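Accompanying notes for the structure given below.
The values are calculated or read from the model by the stated rules, or taken from the named source; none is laboratory data. Bear in mind that the values here come from a model prediction, so they are computed numbers and not experimental data. Cβ atoms come from the backbone with ideal geometry, glycine included; neighbour counts cover every protein chain shown.
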Amino acid sequence: METIKKVLLINAHLPYPNWSEGTLNSAFIQVAHEFFLSKGYEVIETNIEKGYNADEEVEKHLEAAIIILQTPINWFGAPWIYKKYVDEVFNSGLFSEKFLSGDGRTRDDLSRQYGTGGKMQGKKFMVCSTWNAPEASFNDENQQLFRGISTADYLMHITSNYRFCGVEVVSDYNCFDIFKEGDIATSLKDYPAHLAQVFEI
């Protein structure tokens, strides 16, 4: 009997009343939820702001074939609750040696690289993020702030945690310029096609 694949959707939004209530990030979570259900996946969800148990989150990661972080980019990073989540969950995965066993280096084999001690091979991770920044501010050396970097470059502080543990990182998906000129409806409409492509479903 074929085992049903699981996907873990992590919502990192932190509400700010009368300014950022979280409806957009929840909408992306809902689109992903419906997409994966339609493809026969079991969907597991974590809303960080509502609470979690670090050891249970480790088990969710181990069960899931696909892990997606849904996050706003607030002041150039994910909300602080996501860093707390990562510190607690990945420390649990480190101490239990369920995520990784050391950083990959050994004194017996100096050719082993830092970041090769992961045990989570075969899993895939993706970031879906919402930005006030316009898309044009990336991949352009003439842009004063980001100076030519891509969103993938920018998100390395998030994706590296997973790559460090052996997870394959796939192309991110972004909804830009959400407070001014962004086309939120199109971003939501096009999201399933991106999911189908990067996860080869």
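Values for this structure:
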| item | result |
| --- | --- |
| Filter pass, ILE81 being more than 13 Å from the chain's Cα centre (by Cα), closer than 30 Å to LYS189 by Cβ and in contact (Cβ under 8 Å) with a residue 24 or more places away in the chain | yes |
| Residue in the stretch 37-44 that is touching a helix residue (DSSP H, G or I) at 6+ places or on another chain (Cβ under 6 Å) and closer than 29 Å to SER92 by Cβ present | yes |
| Positions within the stretch 146-170 being more than 20 Å from GLY77 (Cβ to Cβ) and modelled with pLDDT of 95 or more, in sequence order | VAL167, GLU168, VAL170 |
| In the stretch 1-21, the residues that are over 13 Å from the mean Cα position of the chain (by Cα) and in contact (Cβ under 8 Å) with a residue 40 or more places away in the chain | LYS5, LYS6, LEU14, SER20 |
| From the options LYS98, LYS83, residue that is within 19 Å of VAL167 (Cα to Cα), at pLDDT below 95 and either out of contact with any Ser or Thr (no Cβ under 6 Å at 6 or more places or on another chain) or not in a loop (DSSP other than H, G, I, E, B) (or both) | LYS98 |
| Whichever residue in the stretch 135-193 is among the aliphatic types (A, V, I, L, M) and outside any helix (DSSP H, G or I) and, among such residues, is surrounded by the fewest Cβ atoms within 10 Å (Cβ to Cβ) | LEU145 |
| Failed item in (1) surrounded by fewer than 16 Cβ atoms within 10 Å (Cβ to Cβ); (2) within 18 Å of ILE158 (Cα to Cα); (3) modelled with pLDDT under 80, with GLN121 passing the rest | (3) |
| Residue within the stretch 13-35 that is in contact with a Lys or Arg (Cβ under 6 Å, 6 or more places away or on another chain) and within 27 Å of TYR191 (Cα to Cα) present | no |
| Residue within the stretch 46-53 that is in a helix (DSSP H, G or I), crowded, with 21+ Cβ neighbours inside 10 Å and either in contact with a Gly (Cβ under 8 Å, 6 or more places away or on another chain) or touching a residue at least 24 places away in the same chain (Cβ under 8 Å) (or both) present | yes |
